[in-house]
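The values are calculated or read from the model by the stated rules, or taken from the named source; none is laboratory data. Everything numeric in this text was worked out from a predicted model, so none of it was measured. No Cβ is skipped: glycine too gets one built from the backbone with ideal geometry, and neighbour counts run over all protein chains shown. All accessible areas refer to the heavy atoms of the entire protein, side chains included, with ligands and DNA or RNA removed. Shrake-Rupley method; radii C 1.70, N 1.55, O 1.52, S 1.80 Å.
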Amino acid sequence: MATKKVTVTIPEDLLDEIRADAAERGLSAYVAEALRFKRDRDRLLELVDWLQEEHGPVTEDEHAAALVELDELDAEHKRRRTAGKHNAGEAA
């Protein structure tokens, strides 16, 4: 993948925190990942706006149902990660 060097200005305290978090990945990889995440989030927000224009705002009941479903997905994800850690040692 082609890359291009750019110059950005970042508050010094934030840069210090990012460098500590980025460690082995490196600052460029960390920043690229953060920019992709931000771009994807912006696109999702555009989609939400468009869907609400087309179908109306989300009702309280729909919102509550979505939160329940997210909780269930989080619990299933946690269960699978925990099960995967236990099974990792059994393959040997």
Where does the charge balance sit around H55 when Lys and Arg score +1, Asp and Glu -1, over other residues with C-beta under 13 Å from its C-beta? -4
Mind listing the phi-derived Karplus ³J(HN,Hα) values for the range 81-86, rounded to whole Hz, using 6.51, -1.76 and 1.60 with θ = phi - 60°, and x for any glycine or proline? 5, 5, 5, x, 5, 6
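Tally up the carbon and sulfur contribution to the accessible surface of the range 1-70 as a whole percent, 1.4 Å probe, everything protein left in place. Working shown, then result.
On the way: 3790 of 6660 Å².
Ligands and nucleic acids excluded, carbon and sulfur reach 57 percent.
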Matching label, P(r) over Cα pairs in 10 Å bins from 0, in percent computed from the structure shown, candidates (1) 12, 21, 26, 29, 12, 0; (2) 12, 24, 17, 14, 12, 10, 7, 3, 0; (3) 15, 40, 20, 12, 9, 3, 0: (1)
For the range 1-72, the per residue accessible area (1.4 Å probe, Å²) is 96 Å²
